[in-house]
Amino acid sequence: MKYIYLAVLAVIFAACGSNKTGSAVEGTGAEVVLPEGEFVYNLPCKVVNINTDKPGKAVLFLWLHGGVHDRPKHDIFYHPNHFDCCDADEYILQYLKDSGTKAIALFPVCYKADNPNTIKWRECYDDVKHIIDDYANKGLIDTKRIYLAGSSDGGRGTWDYVEMHPEVFAAAITMSNANPIMVTVPTYFFSTADEGDCTEKVKDLQAKGSNILKYKYCADQPHGGDAIECTPELLKEFFSYTK
């Protein structure tokens, strides 16, 4: 029964070839909508179209959820009105709406129908890239403005993705993890008391040329954080980067 339930939900969320509108995203005013046109996803994915009345191609923003080892507590299968265990993703959606940015926000799930044991975002990269390519090939997005963020396991996945394919992403935000790496993509990094202070690690990487633009140790924040520095000022800078 479990896998039948997951399969049904996968169809609902990925919904190839449907344009029906879903439920409202709490706090953003944006709607959860299914992809336009013929899309074939190997990962379930929620899609939020923002400021669709604006001209031109959309910015593409991807959020990688945490808790891939314990998906029932975190992922969108079980939280239809929320995307993760922290609020940073919804702060970012709210910023895009308020700033008048035409955007498509994607919330894939770290789950593969043919491999239910997948527990790392790294293993799902090809499927995530397929989604990006589908939007690009249909001319719906500005391929110079693709942004990535994630928290906890999703933050680890963000490091992996910008390391693996720096040519794809304009900028990244990674939160609640403890192992920063060398990156060429402009990256904002925040850790909490649960992961520890990474100041010295970041300084060492920056000295070697890693493009970590900002790091802050958020000692008063719980793992996953609440908004961890996702202020309008930071997000304005974040979304100003282009490839």
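Things to note:
- Filter result (within 17 Å of Asp142 (Cβ to Cβ), at pLDDT 90 or above and among the aliphatic types (A, V, I, L, M)) within segment 44-76: Ile50, Ala58, Val59, Leu60, Leu62
To keep it simple, each residue is scored yes or no on (1) touching a Lys or Arg at 6+ places or on another chain (Cβ under 6 Å); (2) farther than 19 Å from Leu235 by Cβ.
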residue: Ala136; (1), (2): no, yes
residue: Arg145; (1), (2): no, no
residue: Glu163; (1), (2): no, yes
residue: Pro166; (1), (2): no, yes
residue: Ala172; (1), (2): no, no
residue: Ser176; (1), (2): no, no
residue: Phe190; (1), (2): yes, no
residue: Gly196; (1), (2): no, yes
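- Look at (1) closer than 16 Å to Arg122 by Cα; (2) surrounded by fewer than 19 Cβ atoms within 10 Å (Cβ to Cβ) and you find that Thr174 fails only one, number (2).
- Whether a residue is within 17 Å of the chain's Cα centre (by Cα), closer than 25 Å to Asn137 by Cβ, at pLDDT below 70 and among the aromatic types (Phe, Trp, Tyr) was assessed, and Tyr41 passes this test.
The values are calculated or read from the model by the stated rules, or taken from the named source; none is laboratory data. Model, not experiment: these values are computed from the prediction. Don't worry about glycine lacking a Cβ; one is built from the backbone with ideal geometry, like all the others, and counts go over all protein chains shown.
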